[in-house]
Structure formats: C-alpha cells, structure tokens
Amino acid sequence: MIGGLWRRPMPHEPDATVQNHRFAYRSPPMNVPAGPAGAPRQPPGASADAAEVPVAPPTLEVVDLHKRFGPDREVLAGIGLTLRAGERVALLGESGVGKSTLLNLVAGLERPDSGTIRLAGQPIHAMDEDAAARLRAREIGFVFQAFHLLPHLRLWQNVAIPLLLAGVPAAEARPRAEAMLARVGLGDRSLSMPRELSGGEQQRVALARALVHGPRLILADEPTGNLDPRTGGAALALIDEQVRAHGAALLMVTHSLQAAAIAERRLRLTPAGLETEA
C-alpha cells in the first residue's frame with residue numbers, strides 16, 4: 001500500500017492493482033489575461049451589453065475553501081480559485097503554507113472542512129471515495145512530488161495506469177505509454193523497475209503517467225524539483241505542449257522561476273489567502 005492509494009493484486013485477481021488505483025488520474029486552448037487573484041479578467045473588447053453566449057463551466061472552480069489541521073491550525077482560509085481550459089497558473093508560496101494541501105483537496109484526495117470544489121462542473125468535494133477516484137481517473141493528471149510509482153510494476157506499466165483505468169486495451173495502452181516515456185527521455189527504459197531509476201528519472205516517469213491520457217486538469221507539485229535545468233526545461237516544454245494540445249488547465253506548485261515562467265498567472269499563497277503576483 002502506498003499512501004493508501006494502492007494494494008498489491010492477489011494471484012487470482014490480475015487486474016486488482018488497476019481497479020484499486022486512487023490517484024488517478026479536453027475545447028481549444030484559451031488565453032485570458034489575468035485578473036484578480038483566483039479569477040481571469042473579462043477578455044479585451046468584451047461588452048457587458050453583449051448578448052449572453054452559453055459557455056462551458058470552468059475546468060476548476062474553488063469557492064471559500066477552508067482546511068484545518070487540528071483545532072488551532074487553519075492552513076487554508078477562504079480560498080477562491082477559477083481555472084478555465086488552456087489556462088496555466090503557477091502557485092507560489094513559502095514551505096508549509098498549504099500549497100500541496102490545496103492540490104490534494106482539488107484532486108479529492110483530502111476533504112475540505114468547508115467550501116466547494118468543482119471539476120468541470122462536478123462537485124468533487126462532495127463525492128464519496130469511489131466516485132472521486134473515477135473522476136480523477138478521467139479528468140486529472142497529477143505529478144506528485146513524491147512520485148508514487150508502484151515498485152512492483154515496470155515503467156511502461158506505471159505510465160499505462162491512467163489508460164487502463166479508462167478502459168483502453170492493454171495492447172493499445174502499452175505503445176502509448178512507451179511513446180510517452182520516449183517523450184521524457186526514457187524510451188529505452190520501459191522494462192526497468194522504479195528501484196533502478198534515480199530520483200530525477202522517477203520524476204520523469206511520474207510526469208509521463210500524468211500526461212499520457214490527455215487530462216482536462218494537470219496538477220503538478222514541484223514537477224522540476226529533482227531535475228537539472230536542461231531536463232527541467234524539456235519537462236516544462238512537454239507540459240506546456242500538452243496544455244495547448246488538449247486545452248487542459250494547469251495548476252502548478254513551484255519554487256522555480258524557470259517553471260513559473262510558463263504560467264500566464266502567478267498566484268502566491270499566504271496565510272491570508274491567495275494574492276496575484278505581477
């Protein structure tokens with residue numbers, strides 16, 4: 001069991017690993033200028049008198065989110081955030097301020113004490129564990145800071161998990177997973193086990209797994225933290241390419257100016273809430 005997300009399959013249930021995956025894991029890109037913290041401005045030239053046109057719900061909508069750890073520590077207080085398709089947001093802030101907690105809440109891996117979180121209009125904050133896991137599998141790609149690779153699976157199998165969860169046949173999932181491994185520079189390591197990789201290589205596998213199924217929302221927790229500048233730049237280029245190709249929204253926690261540079265908006269999380277950075 002890793003972080004409560006997996007269990008090993010029994011010999012008589014070869015698909016149990018995939019069935020019990022709990023991370024889990026589309027609208028052309030739309031670039032909207034930044035507005036107040038947590039929400040884009042109205043596009044230039046838009047008129048308040050213009051006829052209303054039906055629009056899709058935001059990819060992510062967080063409203064008045066609160067999270068406490070114990071009675072005396074409120075980590076997140078009244079957080080509001082909106083991301084639309086194709087939007088790239090960097091989340092900055094000091095260590096311990098709650099950035100990773102916010103990503104976990106958005107993904108439905110933790111529950112808020114109050115507030116709402118809607119993913120493509122669906123209230124992931126109010127779903128039971130199974131329903132939240134199904135929504136993650138379809139719509140979210142999560143690059144975890146701690147990688148969360150399954151040690152008993154080969155690299156291509158780790159990367160193929162989101163595809164298998166989505167019902168893609170193994171005969172199709174494997175070449176797609178191997179192609180994504182090649183995109184992160186590990187095309188010749190598809191049969192390796194996670195224990196045979198360095199930390200930077202494991203981070204690239206985690207990135208490949210998060211992107212392989214073209215998710216609607218990419219959550220990235222320090223995606224270049226274990227990478228050298230050249231490899232990190234290539235990883236960021238791949239994330240940016242996937243956002244543009246699939247119209248995904250990106251919420252990325254980072255301390256790296258190199259990583260933050262691909263974002264259209266930079267938000268800083270403080271104990272007082274979210275602030276827009278210039």
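Would you mind finding the one in Thr231, Thr224 that is more than 30 Å from Pro169 (Cβ to Cβ) and part of a helix (DSSP H, G or I)?
The match here is Thr231.
List the number of the failed condition for Arg138; all other conditions in (1) more than 21 Å from Val243 (Cα to Cα); (2) open to solvent by 60 Å² or more (accessible area, probe 1.4 Å) hold.
All conditions pass for Arg138, except number (1).
Taking the condition out of contact with any His (no Cβ under 9 Å at 6 or more places or on another chain), over 26 Å from Leu81 (Cα atoms) and not hydroxyl-bearing (Ser, Thr, Tyr), does Ala160 pass? First the steps, then the outcome.
On the way: out of contact with any His (no Cβ under 9 Å at 6 or more places or on another chain): yes; over 26 Å from Leu81 (Cα atoms): yes; not hydroxyl-bearing (Ser, Thr, Tyr): yes.
Against the criterion (out of contact with any His (no Cβ under 9 Å at 6 or more places or on another chain), over 26 Å from Leu81 (Cα atoms) and not hydroxyl-bearing (Ser, Thr, Tyr)), Ala160 qualifies.
For Ile218, state whether it is modelled with pLDDT under 95 and buried (at least 23 other Cβ atoms within 10 Å of the Cβ). So that I can check it myself, show each step before the final result.
Numbers: modelled with pLDDT under 95: no; buried (at least 23 other Cβ atoms within 10 Å of the Cβ): yes.
So Ile218 does not fit the description; no.
Looking at Ala173 and the list (1) surrounded by fewer than 20 Cβ atoms within 10 Å (Cβ to Cβ); (2) more than 20 Å from the chain's Cα centre (by Cα); (3) at pLDDT 95 or above; (4) farther than 20 Å from Gln145 by Cβ, which single condition is not satisfied?
Result: Ala173 passes all but (1).
Condition first: in contact with a Gly (Cβ under 8 Å, 6 or more places away or on another chain) and open to solvent by 10 Å² or more (accessible area, probe 1.4 Å). Now tell me which residues in the stretch 228-254 satisfy that.
Hits for the stretch 228-254 are Asp228, Thr231, Ala234, Gln242, Arg244, Ala245, His246.
Answer with yes or no whether Leu236 is at pLDDT 95 or above and either of a type in the set (A, V, I, L, M) or in contact with a helix residue (DSSP H, G or I) (Cβ under 6 Å, 6 or more places away or on another chain) (or both).
Criteria not met by Leu236.
Which ranges mark the strands (runs of 3 or more DSSP E) fully within the stretch 55-162 that have 2 or more residues being out of contact with any Asp or Glu (no Cβ under 7 Å at 6 or more places or on another chain) and either of a type in the set (Gly, Ala, Ser) or over 30 Å from Ala182 (Cα atoms) (or both)?
Per the criteria, 60-68, 74-83, 114-119.
Scan the stretch 43-75 for residues that are modelled with pLDDT of 95 or more and farther than 17 Å from Ala126 by Cβ and jot them down.
Thr59
Look through the stretch 255-278, keep the residues that are open to solvent by 30 Å² or more (accessible area, probe 1.4 Å) and among the charged types (D, E, K, R), and return whichever of them is modelled with the lowest pLDDT.
Among those residues, the one meeting the criterion is Glu277.
The values are calculated or read from the model by the stated rules, or taken from the named source; none is laboratory data. Note that the structure is a prediction, hence the values are computed from the model and not measured. All Cβ positions, glycine included, derive from the backbone under ideal geometry; neighbour counts span all protein chains shown. Please note that ligands, DNA and RNA were not included when accessible areas were found on the heavy atoms of the full protein model with its side chains. Shrake-Rupley method; radii C 1.70, N 1.55, O 1.52, S 1.80 Å.
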